[in-house]
Amino acid sequence: MKVYRVDDIEIVLLQGDITDVEADAIVNAANQYLEHGGGVARAIVRRGGE
């Protein structure tokens, strides 16, 4: 884990399974139709539900 501070903002970098992280929100890129078809998006949907 690496932690960076920029003024009053804290940025935390983690490596591993994003679905195992306790967080208030997960932001993930999507296609132009906002579909969650595969990769990280599919893993998030499987773990958290639609």
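The values are calculated or read from the model by the stated rules, or taken from the named source; none is laboratory data. None of these values were measured; they are calculated from a predicted model. For neighbour counting, all protein chains shown are included, and Cβ atoms are generated from backbone atoms with ideal geometry for every residue, glycine included.
List of remarks:
- Looking only at the range 1-22, and only at residues there that are charged (D, E, K, R) and at pLDDT 90 or above, the one that is farthest from residue 45 (Cα to Cα): 7
- Condition check for residue 49: surrounded by fewer than 10 Cβ atoms within 10 Å (Cβ to Cβ) and either in contact (Cβ under 8 Å) with a residue 60 or more places away in the chain or not aliphatic (A, V, I, L, M) (or both): yes
- Residues located in the range 8-50, provided they are among the charged types (D, E, K, R) and in a loop (DSSP other than H, G, I, E, B): 8, 17, 22, 24, 35, 50
- Among (1) in contact with a His (Cβ under 6 Å, 6 or more places away or on another chain); (2) among the aliphatic types (A, V, I, L, M); (3) loosely packed, with under 10 Cβ neighbours inside 10 Å, the one test that residue 1 misses: (1)
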